[in-house]
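Enquirer: Right, I'll just put the structure down here and ask away after.
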Amino acid sequence: MSDFLKLVGDKVRLHRKERGLTQEEVAEMSDLQTSYIGGIERGERNISLLTLEKIIKSLNISPESFFSFKDIDISDKSNVDQVITIHKNLLQSRNIEEIKSIHNITKDILTLIDSQKK
């Protein structure tokens, strides 16, 4: 399973639950099968952009909102992998010098955090 498909599926589930909708309701509103919505939420389906558009419209959210990952609760340990994937995706669009700088800054921050634990 692709990390990105899992991330998209998690976003669909998050927005669906925020709106108090069942998978059946989202499936009906988006003219899709309930089992297909479940597969999307589990990251098992490689969906088309048209399908994603149907789901986003049925959830009554904007594409910008859907692709914003600021709303992931990182206090929940189960979301740690999502946050790491988001960071990985952010870094992939950067050049090597930027990645080196970010890496060095991250090491400095972690050193500071570790020193405060003592």
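All of the numbers you see were taken from the coordinates with simple rules; none came from a lab. As the structure is a computational prediction, the values presented were derived from the model and not from experiment. Here the Cβ is made from the backbone with ideal geometry for all residues, glycine too, and neighbour counts use every protein chain on show.
Enquirer: Which of 11, 54, 107 moves the most in a Gaussian network model of the chain with Cα springs under 10 Å?
Expert: Highest fluctuation among the options: 107.
Enquirer: Determine ³J(HN,Hα), in whole Hz, for all residues of segment 85-92 in sequence, where each value follows from phi through the Karplus function 6.51 cos²θ - 1.76 cosθ + 1.60 and θ = phi - 60°; x replaces Gly and Pro.
Expert: 5, 4, 5, 4, 5, 5, 6, 4
Enquirer: Return the single residue from 108, 31, 81 with maximal mean-square fluctuation; model: Gaussian network over the chain, springs between Cα atoms under 10 Å.
Expert: Maximum among the listed residues: 108.
Enquirer: Additional query: What is the magnitude of the charge dipole of the chain about its Cα centre, with +1 placed on the Cβ of each Lys and Arg, -1 on the Cβ of each Asp and Glu, and no other charges, expressed in debye to the nearest 20?
Expert: Result for the chain is approximately 340 debye, rounded to the nearest 20.
Enquirer: In addition: Given the options 96, 56, 86, state which has the largest fluctuation in a GNM of the chain using a 10 Å cut-off (strictly under) for Cα springs.
Expert: 96
Enquirer: Give a residue-ordered list of calculated ³J(HN,Hα) values for segment 58-63 (Karplus: 6.51 cos²θ - 1.76 cosθ + 1.60, θ = phi - 60°; whole Hz; x for Gly, Pro).
Expert: 5, 7, 6, 10, 8, x
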